[in-house]
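The values are calculated or read from the model by the stated rules, or taken from the named source; none is laboratory data. Here the structure is a predicted model, which means the values were calculated and not measured. Ideal geometry is used to build each Cβ from the backbone, glycine not excepted, and the neighbour counts take in all protein chains shown.
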Amino acid sequence: MNKLALTAAVALAATGAASASTPAAWAALDRQVNRACLVNSGLKQAKIIADKASFPDRVPVEIRIVEGYNRGNVIDVKLCAYDRRTKRAAFTEGQGRLGVNRR
């Protein structure tokens, strides 16, 4: 086996071991997603109000439902979709569509 093939084999083995998911890695991702959804929601006193939804790696999205007070001091609900690849959160208004009516 030449040096290049040996180096490639070692690199692939290291990559496979490094990408294995651990409970600590999942907990860190969960904190990162929650923080992004809460901070970027634009709601005051924002909180996650339901269980999370996670999709497999081929659809790298995490879903959270966020509740808080909008600018009119009315309770508002938003659906947060967090893209694990880009590390960005996107929102849509959740009233009615999520079966959560808080007004």
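Can you find a residue that is surrounded by 10 or more Cβ atoms within 10 Å (Cβ to Cβ), in a loop (DSSP other than H, G, I, E, B), of a type outside the set (D, E) and at pLDDT 90 or above anywhere in segment 17-28? Before the answer, list the steps.
So in segment 17-28, the residues surrounded by 10 or more Cβ atoms within 10 Å (Cβ to Cβ) come out as 25-28.
Those still in the list that are in a loop (DSSP other than H, G, I, E, B) too: none.
Scanning segment 17-28 turns up no residue that is surrounded by 10 or more Cβ atoms within 10 Å (Cβ to Cβ), in a loop (DSSP other than H, G, I, E, B), of a type outside the set (D, E) and at pLDDT 90 or above.
Taking the condition of being over 18 Å from D76 (Cβ atoms), without any contact (Cβ under 8 Å) to a residue 24 or more places away in the chain and either outside any strand (DSSP E or B) or among the aromatic types (F, W, Y) (or both), how many residues in segment 33-56 meet it?
5
Under 7 Å by Cβ, and 6 or more places apart or on different chains, what pairs join a residue from segment 57-78 that is farther than 13 Å from S41 by Cα and in contact (Cβ under 8 Å) with a residue 24 or more places away in the chain with one that is among the acidic types (D, E) and part of a strand (DSSP E or B)?
So the pair list comes out as P60/D83.
Of all residues in segment 45-84, which are at pLDDT 95 or above and farther than 27 Å from S21 by Cβ?
Q45, A46
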